[in-house]
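A short worksheet on the structure shown next.
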Amino acid sequence: MNIFKVLPVAPEQASERAFGYDLIFWTITILAVVFTILVFALVLALAVRYRRGSSADRRYPVYHSNGIEAVLTLVPLVLGLGIFAWSSADFVKFRQRPKESMEIFVIGKQWMWHLQHMNGIRENNELHIPVDTPITMTMISQDVIHAMYIPAFRVQYHVVPGRYTEMSFTATKPGRYKMLCAMHCGTQHSEMVGFVYVMSKSDYARWIEGGGNRYEPRAATMVAAGEQVWNRKACGNCHAGMDTVRGPTLNGIFNAQRRLTDGSTAKAAPDYLRESILLPWLRLTKGYETTMPAYKGQLTEEEVLQLIEYIKSNSNTSTSGSPQPYSAPGARTLPTPTHPENATNRANRYGSAGVTQSEEGAMNAR
Amino acid sequence: MASTPHAHHVTPIPVLLRTFFLLLGLMLLTIFAAQAPYWFPGMFGWMIPYWPLTNAIALAIAIAKAVLVISIFMGVKYTTNLVKLYAIGGFVWFLLLYVMLVDYVSRPWEPVRGWEAVPSSGLPRSKESDGGVPYPQFPAPKGKDGHEAGSH
Amino acid sequence: MSAILERTAAPDPQVKKNYLNADHTLASWLLTTDHKRIAVLYLIGVTVMFFLGSLAAAFVRFELTSPRGQILTHETYNKMFTAHGVIMIFFFLIPAVPAVLGNFLIPMMIGARDLAFPRLNLASWYVWTISAVIVLTGLIMGGVDTGWTFYTPLSSLYSNTQVSLVLVGLFLSGFSSIMTGVNFIATIHKMRAPGMTWFKLPLYVWSHYATSVIIILGTPVVAITLFLVVLERTFRIGIFSPELGGDPVLFQHLFWFYSHPAVYIMVLPAMGVISEVITCFSRRQIFGYRFVAMSSMAIAAIGFLVWGHHMYVSSQSVLQGLIFSLLSFLVAVPSAIKVFNWSLTMWRGSVQFSTPMIYALAFIGLFVIGGLTGLYLAAIDTDVHLTGTYFIVAHFHYVMVGGAILAFLGGIHFWWPKMFGKMYNEFWGRLSAMVIFLGFNFTFFPQFILGYLGMPRRYHVYYFAPEWQFYHVASSLGSTILGIGFLMPAFYLTASLLRKDNVAPANPWGAKGLEWENASSPPVTLNFESQPIVTENPYNYDPIEDTNKVRREAGLPEIPREDPDKEVHH
Amino acid sequence: MATHAHTADPDAPAVYEQFEDIDQQQETYILGMWSFLVTEIMFFGALFLIYSIYRWQYQGDFYIFHKELDYVLGGINTTVLLASSFSVALAVHYAQLKKKRQQLLALGFTLLCAFGFLIIKAIEYGKKFEHSKFPNDTFVWDAAKYGGDPEHARLFFSLYFSMTGLHGLHVLIGILVIGYLMYLIAKDHPVITDYVPTELVGLYWHFVDLVWIFLYPLFYLIPK
């Protein structure tokens, strides 16, 4: 067990800004510790050595010394100015808007964050953003002053009524991070808390294409509903238009004979598909040793039915080439190896990245 | 009391009177300076676009009046250096409050895009022509869900 | 050791007339114009307020031991921390050292019979008491949930609590503060005894002079600002609320224009106390008298120019932020000078670990930590992540509690014999100082880590981050120790008043200063039997003689003394 | 409070027990008054700062709104206050020369001016109340007719009422103080031993005048 998981002493570094920030922070810490020790040692040494009745020599007392005072003035001044210059440079960088950035619109209200993406997807107390992409938040409050605070990114800025404020950052690590209100805003101030979900770019594209996880359009048909579930759970990340190392394509699978790892065969009837979704390890397709995550408990029976209907629809149109479960560019390609987390943690993240029910999964994954 | 060597300075009445009339004159002057462009548009109409100038004139006259009141009526001119220090110090410290203007002047420079002075936020200006740019508008959602935009 | 501690005088059969027993009626206390009696009245007042404020803090700490809170609702919790802040800041920290110790000591230290305006002084106590009653009424009947900073528009348009009443109370308490400030300025300028030049003033008086200047320059600004908020709530005039056309950031500017210098109102007099205590118990002149005196004035002046560092992320402009960051670093310099000069004062002195000295040494330690953590907050970039978190909370408690309150307690112990003519129990005194020091660090050090981890202040629940609980529990346990530490002086100091066998001599510490050398304990009504005339520098102690006295008693060889001509080169 | 004289001269002013001599006492009182006036400067200073900031932000609007104020009435009020300031200075002059009758006359004239100021102010306020220009829930600003942002109009009148209102409050306090001072002087009360009480009241009253000297051009004479 990692002691720092249980008793963390520093917040995660999950943004471009975090490392530079921590560098200043710990530099000041070292300075502070040095000076604290210096003063404590000085006080203790003098107090003990010159305690009343000790034999220490007390001749030639020094009552004032311009030299010492000059040192006492100059050393803190120079150190302070150094820190000032360093931190100011960093701050100016923080306040600069990146040349190209994804804009997120934030409305703070008692006691909730409303966030809106460029394409109109809205979220409450949750923000999904892609990794390694500069984000600019344009923020305003509709009542009192709030403060948008994401500790893992080392960013904070007030959200003021009557005026737009801006804050930019770039997340560098997929995961789930606290998004807090740091300015006292009334009764439920401490519950004005949300989470930022940093997703890989492809996850994000899929998430966007799926219309987000909350405000998805109401599906007109079972197939459309199934498509939504497909996108929301990001099934297409592994089950692409063709067999890949990560998973077989599901196009044309409905009612087809499947060869399993133990050599037997099974017909991909609705029952088998349901079982493979909920408890996939029972019967695996040959060639795929690693099991996909179990969705038992994460999908309702209704959603499973809709998914099967969607898979069925892809099989029915198989004659006309591969169907397009989604159309976002890049969505059908596999996650690139530049994001190793995707391979190692995908099981958990796929179960959770876009969903609130399984936040613990994402937590454990880190 | 008046005969003791520490007697307080007694300001003579003519000095007080002169100060009073000077103050009255300055008051008339400040009214005239403010209203002249409207009373005599032919002669002073040119001042209207230069409102900072007119402001400065009004303030300068006000300061002149204040100096008269403080030094003569309040007797600061004749008093000890200590009282002078406090009288002047109070006004100097009052000016310190105006450090806040730095914020208000430089706020429209933000957000800092490489320190170029692009006015894009700051307090809402009274007129768009003041140099403020229109506020960013929230883009309308695609409306997949059938809800209206912005109806949070 | 016992030889050092035997300070109580032989019981005097004839009870001399002094300011305490000059008159015994209630009216003689309530209508007194004697600065010493007013100081005692203030002492009673601030002690009551201190324990009320601590009670609110106890609730806050108890709530935070569990991620979901313990017994309070959100609303009650918000009212608790607001009550804690309002009471502690406006009714304990700001009046504590100036109105109690300052009132008592300034006339005595400069050799005056009373403050310049004794009736104004009494009026200030009445205004303070009335404002305290108003504020307490507001806090109890309905409470206030905005935090002590009263940021608009939460305080002006969105809070349905007793904000107006409390703000009117604070407005009044500002006047009490101003009256004290005006009084001190006139007194220090005009009432000094013959020979008491500016550079013979005790440093305590210097620091109070700096404080008074801050009070008269800053307090009116916040008074009118808070009053405008009241008008905004009453008439909906719109100066600070965007819905009515105003700017909320302007409120913050004006609020901090006072409230940052207010920090120095709290800590400068505390520093003055430390200068007195350290010199007395080191038996030595202070190191760098002029630098310490001038650093007080420098802190007062620069302290007025740093208010914007509370607003780095409040949407004030970057330029303004950078200017304030630079100035905030400048204010660190005089503070550093003070700390090192106090430390060096023990150099070649004769250090005695009496209760006030332990408080003073604890003060130096805690103030160093509090001051150095200020670097994180003065640096504009590190402040972005830390502002509005428990880091801030820990930082200002290190300065305010570790600084102002420890110095206040140290000062109370130091001048207790002078104020009441009684010695307290030295053992309990030392114990309480150490318990407070330990409990304090236990309480507030974990909060630095909490703040760095991102725990925002004024949060009631944190179930979304259970990993913070450990630090909260540690902090709450520490606060229990701290609470016990604070209760101890209340008991043994009160007990010292009731006992008969602990009469204090006029100068139990062998201290220098007019209040010790020229006045009895407790002093007579007009302070001195005869007008003192000042001829020597303050803190004219003799460390070698002091140490040799102990060594002679213990039968040890005396330490050598240089020939007296060379000794004093001041 | 007991007073005691240090000299045998029965005419010499009494010295309070905390002072050594009359010079110290007089200087201390004047210094105390000035340090109080410094707080008053900061008190009004904060309001002037708020005014400056909003005026700077909403220059055009403030020009529109200021036309609601009557600069002639304001000018008369300025004259009245200047006259009262002059008469207070006169009162101090006579107090120093121990001319009690003239001193009382001068103070009485000041009191008269103060009442005149308040009456004119009441007329001005009355007009605003009539036209719902008081910034409360009934506040109305017909932007279509006069132009300007109604929110900024509320701000302007908020500032107008709070600044002139606070100034009016100071005038009111001044009336009480001057009235009380006249009563004490007329009664030959022992508190009035020299000119200093008159001087202190005079300093306060001049300050009230000082504030108005700035309020008048800032509110009534806004250039476009």
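Quick one: helix C:426-453 against the long Cα principal axis of chain C, what's the angle to the nearest 10°, folded into 0 to 90?
With rounding to tens, the tilt is 30 degrees.
Excluding C:SER207 itself, calculate the net charge of residues whose Cβ lies under 11 Å from the Cβ of C:SER207, where each Lys or Arg counts +1 and each Asp or Glu counts -1.
That works out to 0.
Given Cα pairs under 8 Å that are at least 6 residues apart, what percent is the relative contact order of chain C?
Relative contact order of chain C: 19 percent.
For chain D, what is the calculated [θ] at 222 nm in deg cm²/dmol (nearest 500), taking -39500 (n - 2.57) for each run of four or more DSSP H residues and dividing by its residue count?
Helices in chain D give a 222 nm mean residue ellipticity of -25500 deg cm²/dmol.
Under 5 Å between amide hydrogens, which residues at least 5 positions from A:SER141 or on another chain qualify, with H placed 1.01 Å from N in the peptide plane?
Excluding prolines and chain starts, which carry no amide H, the hits are A:GLY108, A:VAL160, A:GLY162, A:ARG163.
Using the Cα centre of region D:20-220 as origin and beta-carbon charges of +1 (Lys, Arg) and -1 (Asp, Glu), tell me which of D:HIS189, D:TYR125, D:TRP205 is placed farthest towards the positive end of the dipole.
Positive-most Cα among the choices belongs to D:TYR125.
Looking only at other chains, what is the average number of their beta-carbon atoms within 10 angstrom of each beta-carbon in B:27-35?
Average neighbour count from other chains, rounded to a whole number: 5.
Take the alpha carbon gyration tensor of chain C, find the square roots of its eigenvalues, order them as a ≥ b ≥ c, and report rounded if a/c is under 1.5; if not, report prolate when a/b exceeds b/c, else oblate.
On the way: a/c = 1.65, a/b = 1.52, b/c = 1.09.
It is prolate, given that a/c is not under 1.5 and a/b is the larger ratio.
Full extension from A:GLN257 to A:ASN124: what is 0.36 nm times the residue separation minus their Cα-Cα distance, to one decimal in nm?
43.4 nm
Quick one: if the Förster radius is 56 Å, what FRET efficiency do B:THR80 and A:ARG49 give, using the C-beta to C-beta distance and rounding to 0.05?
It comes out at approximately 0.70.
To the nearest 20 debye, what is the magnitude of the charge dipole of chain D about its Cα centre, counting +1 on the Cβ of each Lys and Arg and -1 on the Cβ of each Asp and Glu?
Working: 14 positive and 21 negative charges, 190 e Å.
Charge dipole, chain D, about its Cα centre: 920 debye, nearest 20.
Mind running the shape call on the protein assembly as shown? Use the C-alpha gyration tensor, a ≥ b ≥ c as the square roots of the eigenvalues: rounded below 1.5 for a/c, prolate if a/b tops b/c, oblate otherwise.
oblate
List the lysines whose Cα sits under 24 Å from the Cα of D:LYS99, skipping any in the same chain fewer than 8 residues away.
The qualifying lysines are B:LYS77, D:LYS187.
Pairs A:LYS233/A:LYS296; A:LYS178/A:LYS296; C:LYS17/C:LYS190: which exceed 19 Å Cα-Cα?
A:LYS178/A:LYS296; C:LYS17/C:LYS190
Using the Cα centre of the protein assembly as shown as origin and beta-carbon charges of +1 (Lys, Arg) and -1 (Asp, Glu), tell me which of D:LEU104, A:VAL304, C:ILE110 is placed farthest towards the positive end of the dipole.
A:VAL304
Going 7 Å from the Cα of C:ASN160 in the Cα-to-Cβ direction, what parts of region C:227-260 have a backbone nitrogen less than 18 Å from that spot?
Within reach of a label on C:ASN160, which here means backbone N under 18 Å from a point 7 Å along Cα→Cβ, region C:227-260 contributes C:233-234.
In nm, to one decimal, how far is the A:ALA41 label point from the C:GLU426 one, both placed 7 Å along Cα→Cβ?
Once both label points are built, they end up 3.2 nm from each other.
Once the piece of chain linking C:VAL133 and C:ARG552 is laid out straight, how much longer is it, given 0.36 nm per residue of separation minus the C-alpha distance between them?
Numbers: separation 419, 0.36 × 419 = 150.84 nm, distance 5.62 nm.
Separation in residues times 0.36 nm, less the Cα-Cα distance, equals 145.2 nm.
Go ahead and run the numbers for FRET between A:TYR60 and C:THR197, Cβ-Cβ distance against an R0 of 22 Å, rounding to 0.05.
Numbers: r = 27 Å, r/R0 = 1.21.
Working from the Cβ atoms, E equals 0.25.
Does anyone have the angle between helix D:71-96 and the longest principal axis of chain D? Alpha-carbon axes, 0 to 90°, nearest 10?
10 degrees
Could you check the spin-label model distance between C:PHE464 and A:VAL78? Points 7 Å from the Cα along Cα→Cβ, value in nm.
With each label point 7 Å from Cα toward Cβ, the separation is 4.6 nm.
If I stretch the segment between D:ASP21 and D:ASP70 completely, what's the gain in nm (0.36 nm per residue apart, minus their alpha carbon distance), one decimal?
12.5 nm is the gain from fully extending D:ASP21 to D:ASP70.
I'd like the orientation of helix D:150-186 relative to chain D: the angle between its Cα long axis and the longest Cα principal axis, in ° from 0 to 90, rounded to 10.
So the inclination is approximately 20 degrees.
How big is the dipole moment of chain C about its Cα centre under a simple scheme where the beta carbon of each Lys and Arg is +1, that of each Asp and Glu is -1, and everything else is neutral? Debye, nearest 20, please.
Magnitude of the dipole: close to 520 debye.
Going down the table (D:LYS121/D:LYS145; C:LYS418/C:LYS512; C:LYS36/C:LYS500), which pairs top 24 Å between alpha carbons?
D:LYS121/D:LYS145
Less than 12 Å Cβ to Cβ from C:PHE324, Lys/Arg counted +1 and Asp/Glu -1: what total charge do the surrounding residues give?
-2
Modelling each spin label as a point 7 Å along the Cα-to-Cβ direction, I'd like the A:LYS99/A:THR249 distance in nm, to one decimal.
4.0 nm
With the dipole of region D:28-157 worked out from charges on the C-beta (+1 for Lys and Arg, -1 for Asp and Glu) around the Cα centre, which of D:ALA144, D:HIS93, D:ALA46 lies farthest toward the positive end?
D:HIS93
Only residues of region A:130-169 count here: report those whose backbone N is under 19 Å from the spot 7 Å along Cα→Cβ of C:GLU243, or say none.
A:140-147, A:159-164
Based on the mean of other Cβ atoms within 10 Å per residue, sort peptides A:60-72, C:273-285 so the most packed one is first.
Per-residue mean Cβ counts within 10 Å order the peptides as C:273-285, A:60-72.
All of the numbers you see were taken from the coordinates with simple rules; none came from a lab. Quick caveat: nothing in here was measured; it's all calculated off a predicted structure. Heads up, the Cβs are rebuilt from the backbone with ideal geometry, glycines too, and the neighbour counts pull from every protein chain shown.
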